[in-house]
Every structure is written in structure tokens, then in C-alpha cells.
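The values are calculated or read from the model by the stated rules, or taken from the named source; none is laboratory data. Everything numeric here is computed off the predicted structure, so don't read it as measured data. Backbone-built Cβ (ideal geometry, glycine too); neighbour counts: all protein chains shown. Calculation scope for accessible area: heavy atoms of the full protein, side chains included, ligands and nucleic acids excluded. Shrake-Rupley method; radii C 1.70, N 1.55, O 1.52, S 1.80 Å.
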Amino acid sequence: MDASMFGADVVVCGGGVAGTMAAVAAARQGATVILVERYGFLGGNATAGAVAQFNSWQTANGRKVVAGLADEVVRRLTAYGGARPHDSFVMSTGHRMDRVEYSPELLKLALDDMVAEAGVRPLLHANLLDVETDGRRIAALRVLTKGGVLTLRPRVLIDGSGDIDALKRAGARFLELDDGAALQPATLMFRFGPIDFARFGALSGAEIAALAQRGFAEGRLARAALHASRDPYSTDAWFNIGRLGIDATDPMALGAAEIEGRRQAWKAAHFLHDAVPGCEDGQLRAFAAQVGVRETRRVEGDHVLTAQELAQPVQFADAIAAGAYPIDIHPAQGGALHYLPMGDDHAYQIPYRSLIPTAFDNALVVGRGISATHEALAAIRVMTISMAVGQAAGTAAAMAAMTTTSRSGGADVRAVDVQALRAALLERDALLS
């Protein structure tokens, strides 16, 4: 084989938390795995985007619905001193949510450890150039690295790139927005401190909501929210209060959004300093390395998961992950939020078929690009659920790469024994309902 060409059972494109969990799961199943990531670190929105909290591990009444590798991430973060205990809080909207706040910087270390120990080959500082197909198979990916262009030949591809760039280049089909709907906006997180958390945390829900509305009305907040994630080892917090209504697959719009996001953060930091109790001594400390993107492309999969199926909830025979996060739609414009909470013990399932693109036999999708409607994605896009889906996809990809073949002689993700997949996930502490 040429020195610039590498084969692997599984190639994962995108090292966000979904892609990283997929790579680790596949390697632990015995597959050879290459993980392609454009930055010099893993984590995606969890690190570069500095989201700084993993939301919604359980139903409203406390029944846990996400565990497995996601739990392991938190254990490893805790060992580094990079995670606060699981707790609940009241959002600016007045709704209660559970979470684990964490340090984005220490998450980089935890993910490094998981990848290294599993035997994954990380290919960092690598950008996707193009994809070669052979009928219904992904035959090769070409990536640009510091050493030049490398060709990767996977038996199975997992696209965890967020924007589903690999499958877009391969010619996969994607779901359209309904008439009148718009992509959810992006947000640039920013770090602010020091904060007197005793005073800030003592604000009532009504006080928080009133301050947020005031900041929005004065043009100092981009949306009516004061949502913050406390840094585990300082008196700073990461704030999620921006709003950038863009299509993040448009390169000019994405660059403009980064610039506008920093302007929004600067104005918001001054509002915090001037108006919010506990924030009087604070200042803007840092911007996230990238805007956090909620929605772009959604692949057309063998099953399109709907909001109605989440609300019912439908029990899927091929369920490979569960969740309880509400339908949480950020409109592209204005300061409002459409938030539809679930019932006290309500959880829903994600079927394996929603990970399989209709156009290909040896590919899977993880993260916010899986096959779901705009409304359903608003619930299942969060990082806890994405980690669970990533674990499932990596396990399935390894099974497909090592044990099944299609008529073309390559791996076939549809030939995976779903009940064996579910059993393997349960053996590794995943929750499926």
C-alpha cells in the first residue's frame, strides 16, 4: 500500500463527542479505527465550542436514561478535577434541567486518554477534501494534513462531522426544512468572571427572567437568557446567551458569525458587569474557539425520527439509545425560545435505522446530523444523547466491518444483527429506554 494510503475497519470523520465515542466503542469491539479531526484536540462543541455542561441525563422524576461511555467521560473528568457533581437548575425560561458542568480544557485530556487506551489512531489537524464512492459504498476519503494529502480506505465510515460533510461530498440525500421553518441559530460561548456565585445563584427565576428581558430590550443581550455553566475550578462561568441566525455550511456566513458572536459576547459581558448581581467584579475572560452550531444538514436515513414519535413515545425494536431532553427550538431571530418539556417519567428512544443513510451501505451518521425532523432534532441534538448514539454507532460499525458483507463484497451496516447490537450495548452499561 502507498505510504499516503491507510486502510481501517472503521474511519470516523469528526472528533466531537459523538465521533469520539463512536471511535472508542468501535476500537473496544476489536476494530481498527482512524479518527479524523480538523483541530489539534477532540470534543467539537464540547471543547472548541465550550458548551461546558452535559445536559439531561434523566427524566424529570430522576430516572436515568443515558449512561455507558457518557458516564465514563464524566468519571474521567472528575478524576482530573474537571467536573462538578450532577445537579439540577432552573433555566431562564423557568424550566428545570439536570446537568454536569465541566471544564472544556480538561475534557480534552479525558478524551485523549479514552482514545489512546482504546487503540484508536487519531489523525488530528486533518481536513476532509473529498470522498470516493463505488456504487453504494464509501470507498475512500482524501484528507489534507501537514504531511500532504492522505487517502483513507474504510470498510465502514462514520460521519460525525456535525455538518455531515463526508456524506455530502459522497452524494447522500438530505432532509429539507418544512415551509416556514428555519435552521436553529448558532451561539458563541464566552467565559466571564470572577462571579460571586452565592449572590448570582440566589437570584430567583423571576429575577433572572426580568434581567434577561431587560438586557434584550436594551439591545445588550442577543436573546433573553442568562444561562451560565460554572467552571469547576475557578469563579468563572461560560455563558450561553448569544444568537447567530446563519446557515453554518455557508463559509462566508460562518466567518461573519464568528465576528458577530464576539461582538455579542463583548456587549453581554458589559451588561453582566453593569446589571447582574454577583457579576459586578467580572469581565470577559475568553471566547470559545468556534461558534456552537445547533443545526445544519440532517441526512435522509432509513427511518426519519419525528417529534410525534418522541412525544408518544414509540418503542422501537431497533432502539440503540434513549433520551429525555425536551424539544428546545431556538428561533433564528428574536429573543424567545420554544421549549416543550416532557412528562415526569417520559423518555424516548432513537432507532438504529435513523443512523443509516439511505444512499449507502457502509456508512453511519452520529451527532446532530442523524435522520430526524427539525422538531425531533431539537430534542436529540444535545451532547449526552449524542454520546449514547456515538457508542451505538461505533459498536455497530465494528460488527459490520468484521462480521458482515454486502452483495458488493464490502461491509453492510444493514446486515448487523440488531438484537446482538443491543445486547452488546447493554453489556457495556448503555441504557436503551
> Within segment 95-113, restricting attention to residues that are open to solvent by 50 Å² or more (accessible area, probe 1.4 Å) and modelled with pLDDT under 95, which residue is farthest from GLY30 (Cα to Cα)?
Replying inline: HIS95
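Could you name every one of the strands (runs of 3 or more DSSP E) located completely within segment 287-396 that has at least 2 residues being under 23 Å from LEU431 (Cβ atoms), in contact (Cβ under 8 Å) with a residue 40 or more places away in the chain and touching a strand residue (DSSP E or B) at 6+ places or on another chain (Cβ under 9 Å)?
On the way: elements: 319-323, 327-329, 338-340, 348-351, 363-365.
Hits in segment 287-396: 319-323, 327-329, 348-351, 363-365.
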> What strands (runs of 3 or more DSSP E), lying completely within segment 1-78, carry at least 1 residues that are surrounded by fewer than 24 Cβ atoms within 10 Å (Cβ to Cβ)?
Replying inline: 5-13, 53-55
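Identify, from the list ASP2, ASP9, the residue that is at pLDDT below 95 and among the acidic types (Asp, Glu).
ASP2
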>> Among the listed residues GLY369, GLY410, identify the single one that is open to solvent by less than 10 Å² (accessible area, probe 1.4 Å) and at pLDDT 95 or above.
In response: GLY369
> Has segment 141-151 got at least one residue that is open to solvent by less than 10 Å² (accessible area, probe 1.4 Å), in a strand (DSSP E or B), closer than 22 Å to GLU300 by Cα and touching a residue at least 12 places away in the same chain (Cβ under 8 Å)?
Replying inline: yes
>> Please go through segment 198-230 and give me each residue that is of a type in the set (A, V, I, L, M) and closer than 22 Å to ALA288 by Cα, ordered by number.
In response: ALA212, LEU221, ALA222, ALA224, ALA225, LEU226, ALA228
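When the residues of segment 250-281 are narrowed to those that are out of contact with any helix residue (DSSP H, G or I) (no Cβ under 7 Å at 6 or more places or on another chain) and not in a helix (DSSP H, G or I), which ends up least open to solvent (accessible area, probe 1.4 Å)?
Quick first cut of segment 250-281, residues out of contact with any helix residue (DSSP H, G or I) (no Cβ under 7 Å at 6 or more places or on another chain) only: 250-270, 272-274, 281.
Filter again for not in a helix (DSSP H, G or I), leaving 250, 281.
On the way: ASP250: 65, ASP281: 127 Å².
Top of the filtered list is ASP250.
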> Here is a list of conditions, (1) open to solvent by less than 50 Å² (accessible area, probe 1.4 Å); (2) closer than 28 Å to ASP163 by Cβ; (3) small (Gly, Ala, Ser), and ALA116 meets all of them except one; can you say which number that is?
Replying inline: (1)
> So GLU117 clears everything in (1) part of a helix (DSSP H, G or I); (2) touching a strand residue (DSSP E or B) at 6+ places or on another chain (Cβ under 9 Å); (3) free of Cβ contacts under 8 Å to residues at least 24 places away in the same chain except one condition, right? Which one?
Replying inline: (2)
